[in-house]
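Novice: Got a structure for you, questions after.
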Amino acid sequence: MSCIIVRDFGLIDWKVVFLEMHSFTVQRTMFSIDEIWFVEHYPIFTFGQRLNSKQINVKTNIPCVYTNRGGEITYHGPGQQIIYLLINIKLYNLNPRKLISIIENCVIKTLNYFSIVAYNKLFFPGVYVNNKKICSIGLRIINGFTLHGLSINVKMNLSPFNLITPCGDKYMKMTQISDFCSKTSFIQLKKKFLYNFVKILKIKKIIYKDIKKFKFFK
């Protein structure tokens, strides 16, 4: 029976999660249970492997870090729901493109719950509303195991996005759930995304874990 472990870390430093995510991935085996991590991060710019130096327009006091995920440059901050997917793609006969499609469909269905009409774009990973980006996706695959994931703008300060060229597109504008829905609920967002994700992958069991029991966080 397929199952997945779900952890909710709340607001936590990006670097801590980055290191723990890699520790988990390099230590896991084909028999390890997949996991989903829900987090928010303190303000930080992260650079993907496709970064172009021209994408940073001005100097900023916000920390900037290079990472090994796909994609280009993005911003993380409180009020943004980040979902890290630590998935064995071989278990579900997935390739990266198919997984991205599944993620996009899950986000679109989740946003529909908030009465937001969202869509994806061919050749431009992510989810959009009124030609503005509301969800960014950046993945890394090591030996068939994914790490990193997606970020959904919920109710945050979007102004730091103006300091960069999001996803390498100088015309790209960002938006968030609170622009369309006054009653924004992180709890419902997580519940709906999780429901859609496990349904598509036909996962039969969800195991909720306390962060204090996670062996890497001792």
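The values are calculated or read from the model by the stated rules, or taken from the named source; none is laboratory data. These figures come from a predicted structure and were not determined experimentally. Heads up, the Cβs are rebuilt from the backbone with ideal geometry, glycines too, and the neighbour counts pull from every protein chain shown.
Novice: If you check LEU91 against the conditions, is it aliphatic (A, V, I, L, M) and part of a strand (DSSP E or B)?
Specialist: On the way: aliphatic (A, V, I, L, M): yes; part of a strand (DSSP E or B): no.
In short, no.
Novice: Still on this structure: Does any residue of region 79-91 turn out to be touching a residue at least 24 places away in the same chain (Cβ under 8 Å) and over 21 Å from LYS199 (Cα atoms)? Please lay out each step first, then the result.
Specialist: Taking region 79-91 and keeping what is touching a residue at least 24 places away in the same chain (Cβ under 8 Å), we get 79-91.
Then keep just the ones that are over 21 Å from LYS199 (Cα atoms); that gives 79-80.
Among the residues of region 79-91, at least one is touching a residue at least 24 places away in the same chain (Cβ under 8 Å) and over 21 Å from LYS199 (Cα atoms), which makes the answer yes.
Novice: Got a sec? Which of LYS133, LYS109 is among the charged types (D, E, K, R), touching a residue at least 40 places away in the same chain (Cβ under 8 Å) and assigned to a strand (DSSP E or B)?
Specialist: Values: LYS109 fails: assigned to a strand (DSSP E or B).
Of the residues listed, the single one that is among the charged types (D, E, K, R), touching a residue at least 40 places away in the same chain (Cβ under 8 Å) and assigned to a strand (DSSP E or B) is LYS133.
Novice: For residues that are touching a residue at least 12 places away in the same chain (Cβ under 8 Å) and polar (S, T, N, Q), scanning just region 163-201, find the one that is nearest to LEU86 (Cα to Cα).
Specialist: ASN196
Novice: Can you tell me how many residues in region 1-19 are small (Gly, Ala, Ser) and either under 15 Å from the mean Cα position of the chain (by Cα) or crowded, with 17+ Cβ neighbours inside 10 Å (or both)?
Specialist: First, the residues of region 1-19 that are small (Gly, Ala, Ser): 2, 10.
Then keep just the ones that are either under 15 Å from the mean Cα position of the chain (by Cα) or crowded, with 17+ Cβ neighbours inside 10 Å (or both); that gives 10.
The qualifying residues number 1.
Novice: Here's another thing I want to ask about it. When the residues of region 160-213 are filtered to those that are over 18 Å from the mean Cα position of the chain (by Cα) and assigned to a strand (DSSP E or B), which remaining residue is surrounded by the most Cβ atoms within 10 Å (Cβ to Cβ)?
Specialist: Looking at residues that are over 18 Å from the mean Cα position of the chain (by Cα) and assigned to a strand (DSSP E or B), I get ILE164.
Novice: While we're on this one: Hey, can you tell me all the residues within region 162-190 that are at pLDDT 90 or above and under 20 Å from TYR119 (Cβ atoms)? Don't jump to the end; show me each part of the working.
Specialist: Kept after step one, since they are at pLDDT 90 or above, are these residues of region 162-190: 173-180, 186-190.
Result: LYS173, MET174, THR175, GLN176, ILE177, SER178, ASP179, PHE180, LEU189.
Novice: Suppose we keep only residues that are modelled with pLDDT under 65 and surrounded by 16 or more Cβ atoms within 10 Å (Cβ to Cβ) within region 43-65. Which one would you say is farthest from ILE137 (Cα to Cα)?
Specialist: So, considering only residues that are modelled with pLDDT under 65 and surrounded by 16 or more Cβ atoms within 10 Å (Cβ to Cβ), the one farthest from ILE137 (Cα to Cα) is ILE56.
Novice: Next question. Identify all residues within region 142-159 that are of a type in the set (A, V, I, L, M, F, W, C), within 25 Å of LEU86 (Cα to Cα) and either surrounded by fewer than 20 Cβ atoms within 10 Å (Cβ to Cβ) or touching a Lys or Arg at 6+ places or on another chain (Cβ under 7 Å) (or both); write none if there are none.
Specialist: ILE142, PHE145, LEU147 - these are the residues of region 142-159 that are of a type in the set (A, V, I, L, M, F, W, C), within 25 Å of LEU86 (Cα to Cα) and either surrounded by fewer than 20 Cβ atoms within 10 Å (Cβ to Cβ) or touching a Lys or Arg at 6+ places or on another chain (Cβ under 7 Å) (or both).
Novice: If I filter region 67-104 down to residues being at pLDDT 95 or above and small (Gly, Ala, Ser), which single residue comes out as farthest from GLU20 (Cα to Cα)?
Specialist: Among residues in region 67-104 that are at pLDDT 95 or above and small (Gly, Ala, Ser), the one farthest from GLU20 (Cα to Cα) is SER101.
Novice: Here's something else I'd like to know. Identify, please: which residue in region 113-130 is outside any strand (DSSP E or B) and exposed (fewer than 14 other Cβ atoms within 10 Å of the Cβ) and is, among those, modelled with the lowest pLDDT?
Specialist: Within region 113-130, the subset outside any strand (DSSP E or B) is 113-118, 122-123, 130.
Retained after the next criterion (residues that are exposed (fewer than 14 other Cβ atoms within 10 Å of the Cβ)): 115, 117, 122-123, 130.
On the way: SER115: 94, VAL117: 97, LEU122: 87, PHE123: 82, ASN130: 95.
Across region 113-130, the extreme among qualifying residues is PHE123.
Novice: May I ask you to verify whether LEU139 is surrounded by 20 or more Cβ atoms within 10 Å (Cβ to Cβ) and touching a His at 6+ places or on another chain (Cβ under 9 Å)?
Specialist: Values: surrounded by 20 or more Cβ atoms within 10 Å (Cβ to Cβ): yes; touching a His at 6+ places or on another chain (Cβ under 9 Å): yes.
Criteria met by LEU139.
Novice: So how many residues does region 1-27 have that are among the acidic types (Asp, Glu) and assigned to a strand (DSSP E or B)?
Specialist: Number of matching residues: 1.
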